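To start, the structure under review is shown below, and the notes come after it.
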Amino acid sequence: MSHTTPVKKQGIFFIDFVVTVRRDKDAEREFGFSRKRVKRAFPTSTCLNTVFWSFPAPNIHMGLNSLLSQGC
């Protein structure tokens with residue numbers, strides 16, 4: 001008898017350096033477009049999460065915990 005482990009969802013983790021450095025609306029918009037393109041390219045069983053490199057929240061630790069809580 002074979003035992004299988006349920007497959008968890010895959011997580012994609014975005015670390016936003018551009019908005020952090022430039023802090024302008026064009027950078028925010030472009031980052032949002034990129035995130036949407038990646039979301040469309042992967043199945044619905046994929047979790048996406050975005051954090052900021054130098055902002056206090058959401059930080060990397062928060063983002064990883066969020067992915068884990070979503071089953072990734």
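Couple of notes before you dig in:
- Gyration tensor verdict on the range 11-69 (Cα atoms; rounded if a/c is under 1.5, prolate if a/b is larger than b/c, oblate otherwise): oblate
- Under the Karplus curve 6.51 cos²θ - 1.76 cosθ + 1.60, θ = phi - 60°, whole-Hz ³J(HN,Hα) for the range 34-51, x wherever Gly or Pro sits: 4, 4, 5, 5, 5, 4, 5, 6, 10, x, 5, 7, 9, 9, 10, 9, 10, 10
- Long-range amide H partners of T50 with built H, under 5 Å: F14
Readers should treat all values here as calculations from the given coordinates under stated rules, not as data from a laboratory. As the structure is a prediction and not an experimental result, all values here were calculated from the model.
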